[in-house]
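Coordinate-derived values only; no laboratory data. Here the structure is a predicted model, which means the values were calculated and not measured. We place every Cβ from the backbone using ideal geometry, glycine too, and count neighbours over all the protein chains shown.
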Amino acid sequence: MSSEIQLANELIDFIYESPSPYHVVSNLKTTLNSEGFTELPLTSTWKLEAGKKYYTTKNDSALFAFTIGQKNIAETGIKMICAHSDSPGFKIKPQPEMLAEGKYLKLNTEVYGGPILMTWMDRPLSIAGRVSLKSDDILNPKTKFVSINRPLMTIPNLAIHLNRQVNDGIALNKQIDMLPLLGMLNDKLEKDNYLLNLIAEELKVDAAEIIDFDLTLFEYEKGCVMGLNNEFISSGKLDDLAMVHAGTKALLESSNTETTQMLCVFDNEEVGSGTKQGAGSPVLKNILERINFALGNNTEQYFQMIYNSFMISADMAHAVHPNNAGKHDPILHPVINGGPVIKIHANQKYTTDGDSGAVYEMICKKADVPYQKFVNRSDLVGGSTLGNVSTGQIDIRTIDMGNPMLAMHSVRELGGVSDHTYTTKSFVTFYNLK
Ligand SMILES: [Zn+2]
């Protein structure tokens, strides 16, 4: 097996094992612990040493990992890569059990972010997330993560005979059409608390112990490498777990002990980043201040550190669509396996400018990796990402990039096998800059 396919399969395994942002962070913690990183709880006193590796987490769904270099951080700044742990989908509402026709048991859900709704129909789905349990310490409920490892429900389409216009494009109502079917009630089953009982059984706790939960749906089926020459990665959540995975690989592979490297995995990018664990909050700024002071540096040195730092905001990008090239810019057409894509926007929804773009282009050249550029069609409004939100908190030089992909926000997205290796190589080269 080629090393590119091997890396793509590692990514597919990582996504499969990370069905919620809580599982993303928990899996990253396991990896970092085994690589000699020390956890720094946000609530404890931090003491840092040059040459050591650390991480901290926020809300169990965001993670910040860093290796402290031997040189003074004020002079070297920090080399940062940012990505996000969340993906668009469905969150389960409180008291979610609903009865239809006296027999069907459905779950009440709310849409999270901007999924392509129709891609979620007729697929085996399951449930994953965080459960808060009763605790003697009221301010600190016990936390457990749950992922039900079997196909549990589906959102059935309406048959074409009952919906003759279906192929002309239909509006799916989020409250009516998108509720998953969980089972058929029989005399033995009670409608109420069916979900809580299921979760309790899975966690081996009493259902009365469960106080609250953050649970989302995920596609049960695992991703795969596919295509005529095994050139594609077909999987959910490539946006943005592909960049989380590439950033983590690079942090672990970097051999640079002189300067400081950091990987930031924010939550809630898909809903605008405006939460305490999102890129729009002071979480990163606060962590940077603590790193600075815990190394014995002063406020003046903090600002020196900020202005010597560089950030790669890594979030997936659009490849030109084979059936709809007209939706893209007339000139710039990034393709799958053409290398990482630099995202550019005149009105700065993307942070890239001539300066930061040039830095990343030179990194790619040094890494011997091809790269491409993306701009929106001038009459279409594109998406936003982490970079411009984060610079609202700290003014660091930043470039926005991501790997080219098709079907962004489908439950099953399509990326390139070679691109994953290209971007990982570019990240390693970035972290190794002295
Ligand atoms: Zn994204």
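Observations
- Derived from the Cα gyration tensor, the three semi-axes of the equivalent ellipsoid of the chain are 37, 29, 18 Å, largest first.
- Computed from label points 7 Å out along Cα-Cβ, the spacing between Asn286 and His333 is 4.8 nm.
- Extension gain, Leu139 to Lys91, is 14.9 nm, computed as 0.36 nm per intervening residue step minus the present C-alpha separation.
- Using alpha carbons only: equivalent-ellipsoid semi-axes of the range 339-390, gyration tensor based, whole Å: 21, 12, 9
- Nearest-ten-degree value, helix 354-367 long axis tilted from longest Cα axis of the chain: 90 degrees
- Ratio of Rg to Rh over the range 111-232 (Cα coordinates, Kirkwood Rh, two decimals): 1.06
- Between the C-alpha center of the range 244-282 and that of the range 289-363 there is a gap of 13 Å.
- Of Lys58/Lys93; Lys52/Lys285; Lys134/Lys222; Lys53/Lys142, pairs whose Cα-Cα distance is over 31 Å: Lys134/Lys222
- Among Asp177, Asp214, Asp419, the order by Cβ neighbours within 10 angstrom, fewest to most, reads Asp177, Asp214, Asp419.
- Backbone amide hydrogens, once placed in the peptide plane, bring Leu433 within less than 5 Å of nothing, excluding anything fewer than 5 places away on its chain.
- The range 1-97: C-alpha pair distances exceeding 16 Å, %: 69 percent
- Note on the range 254-408: Rg/Rh from C-alpha atoms, Kirkwood Rh, equals 1.00.
- Among beta bridges that DSSP assigns inside the chain, antiparallel share in %, nearest 5: 70 percent
- Shown for the range 160-246 is the translational diffusion coefficient from the Stokes-Einstein equation, using the Kirkwood radius over Cα pairs, a temperature of 10 °C and a viscosity of 1.306 mPa s: 89 µm²/s.
- In terms of packing, defined here as the mean over residues of other Cβ atoms within 10 angstrom, the peptides 205-212, 141-148 line up highest first as 141-148, 205-212.
- Once the Kirkwood radius over Cα pairs is known for the range 135-177, the Stokes-Einstein relation at 25 °C and 0.890 mPa s delivers a diffusion coefficient of 163 µm²/s.
- Of the three principal axes defined by the Cα atoms of the range 26-66, the extents in descending order read 26, 23, 11 Å.
- Whole-Hz ³J(HN,Hα) from phi, Karplus 6.51 cos²θ - 1.76 cosθ + 1.60, for the range 104-114, glycine and proline x: 7, 9, 10, 10, 7, 10, 10, 6, 10, x, x
- Shown here: the range 359-434, whose C-alpha atoms stretch 39, 34, 24 Å along the first, second and third principal axes, sorted largest to smallest.
- Restricting the calculation to Cα atoms, the range 275-350 yields a radius of gyration followed by a Dmax of 18.8, 57 Å.
- Start at zero, step by 5 Å, and the Cα-Cα distances of the range 1-58 spread as 4, 15, 19, 18, 18, 11, 9, 4, 1, 0 percent across the bins.
- Taking Cα centre as origin and charging only the Cβ of basic (Lys, Arg, +1) and acidic (Asp, Glu, -1) residues, the dipole magnitude of the range 224-334 rounds to 140 debye.
- For the range 172-325, radius of gyration divided by Kirkwood radius, i.e. Rg to Rh on alpha-carbons: 1.08
- Set against the 2.2 N^0.38 Å expectation for a compact globular protein, the range 54-165 has a Cα radius of gyration ratio of 1.62.
- Selected from Thr67, Pro21, Leu32, residue furthest toward positive end of dipole (the range 1-103; charges at beta carbon): Thr67
- Fluctuation leader among Ser235, Ser20, Ser135 - the chain, Gaussian network, Cα springs under 10 angstrom: Ser135
- Debye, to nearest 20: dipole size of the chain, +1 on Lys, Arg Cβ, -1 on Asp, Glu Cβ: 340 debye
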